[in-house]
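Visitor: Below is one structure. I have some questions about it.
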Amino acid sequence: MSAIDHLIHANARYAETFPGPRPLRPKLRLTVIACMDSRLDLFGALGLEIGDAHLIRNAGGLPTEEVLRSLAISQRSLGTREVVLIHHTECGMDGFDDARFRAQLAETGMVPTWDVPGFTDLHDTMRNSIRTVRECPWLPNRDDVRGFIFDVATAKIEEVV
């Protein structure tokens, strides 16, 4: 059975007990920006339920232009007010070589229009991520932005100030 077939079967089981649709606007008026890493169970680790928050995920959990676009929609159209950024230990973006990766992509004959910034200091990267969100003029709600480092070994979060 392929991984996709597994998902189809799991969905059938899930649909049998599905409680019904939730409201469009997140109940907690919260957006969580996090890494796409499969080890991060944001619902379990943060005590979230379906319908509580918007979750925006990408490589590194970095507030890229695409993430800021989604966050602007989340705030302006769907009423979110608070932002939580989650970075984590043992991230694949730690020490990532953007120039080498872009060179590999260029071998296809197309150069990407985007970059893939890596980092070497997790806490400094979080401080920069918080600053990026707080300084984004597209966002009406920039005061309540907080950042955390998730430890993949313990599942504990540490706030970065």
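The values are calculated or read from the model by the stated rules, or taken from the named source; none is laboratory data. From a predicted model like this one, the values you see are computed outputs, not experimental measurements. Cβ: placed from backbone, ideal geometry, glycine included. Neighbour counts: every protein chain shown. Ligands, DNA and RNA are stripped out before the accessible areas are found, and what is left, the full protein with its side chains, is counted by its heavy atoms. Shrake-Rupley method; radii C 1.70, N 1.55, O 1.52, S 1.80 Å.
Visitor: Could you check Q75 against (1) closer than 20 Å to E135 by Cβ; (2) part of a loop (DSSP other than H, G, I, E, B) and say which number it fails?
Guide: With (1) closer than 20 Å to E135 by Cβ; (2) part of a loop (DSSP other than H, G, I, E, B) applied to Q75, the lone miss is (2).
For every residue, the table says whether it meets (1) touching a Leu at 6+ places or on another chain (Cβ under 8 Å); (2) at pLDDT 95 or above; (3) under 30 Å from L24 (Cα atoms).
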residue	(1), (2), (3)
P63	yes, yes, yes
E66	no, yes, yes
G79	no, yes, yes
D115	no, no, no
W138	yes, yes, yes
D151	no, yes, no
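Visitor: What pairs come up if the first residue lies in region 116-145 and is farther than 14 Å from T64 by Cα and of a type in the set (S, T, N, Q), the second is surrounded by 12 or more Cβ atoms within 10 Å (Cβ to Cβ) and modelled with pLDDT of 95 or more, and their beta carbons are under 6 Å apart, counting only those six or more places apart or on different chains?
Guide: Within 6 Å, the pairs are N141/Q75; N141/R81.
Visitor: Right, another one. Look at region 45-72 and say how many of its residues are in a loop (DSSP other than H, G, I, E, B) and closer than 22 Å to K156 by Cβ.
Guide: Number satisfying all stated conditions: 5.
Visitor: Would you call G109 open to solvent by less than 90 Å² (accessible area, probe 1.4 Å) and touching a Gly at 6+ places or on another chain (Cβ under 8 Å)?
Guide: No: the conditions fail for G109.
Visitor: Go through the residues of region 10-20 one by one and say whether even a single one is within 19 Å of A53 (Cα to Cα) and touching a residue at least 12 places away in the same chain (Cβ under 8 Å).
Guide: No, region 10-20 contains no residue that is within 19 Å of A53 (Cα to Cα) and touching a residue at least 12 places away in the same chain (Cβ under 8 Å).
Visitor: Given the residues L40, L48, which is the only one that is free of Cβ contacts under 8 Å to residues at least 24 places away in the same chain and surrounded by 18 or more Cβ atoms within 10 Å (Cβ to Cβ)?
Guide: Selected residue: L48, the only one of L40, L48 that is free of Cβ contacts under 8 Å to residues at least 24 places away in the same chain and surrounded by 18 or more Cβ atoms within 10 Å (Cβ to Cβ).
Visitor: Sort through S77, S2 and tell me the only one that's of a type in the set (S, T, N, Q), surrounded by fewer than 15 Cβ atoms within 10 Å (Cβ to Cβ), more than 16 Å from the chain's Cα centre (by Cα) and within 28 Å of L139 (Cα to Cα).
Guide: After ruling out the rest, the residue left standing is S77.
Visitor: In region 3-30, what count of residues is obtained for those that are among the basic types (K, R) and outside any loop (DSSP other than H, G, I, E, B)?
Guide: Total satisfying the criteria: 1.
Visitor: Based on what the data block shows, is F18 surrounded by 14 or more Cβ atoms within 10 Å (Cβ to Cβ) and farther than 22 Å from V145 by Cα?
Guide: So F18 fails the test.
Visitor: Follow-up question, since we're still on this one. Within region 85-106, track down each residue that is part of a strand (DSSP E or B) and open to solvent by 60 Å² or more (accessible area, probe 1.4 Å).
Guide: D94
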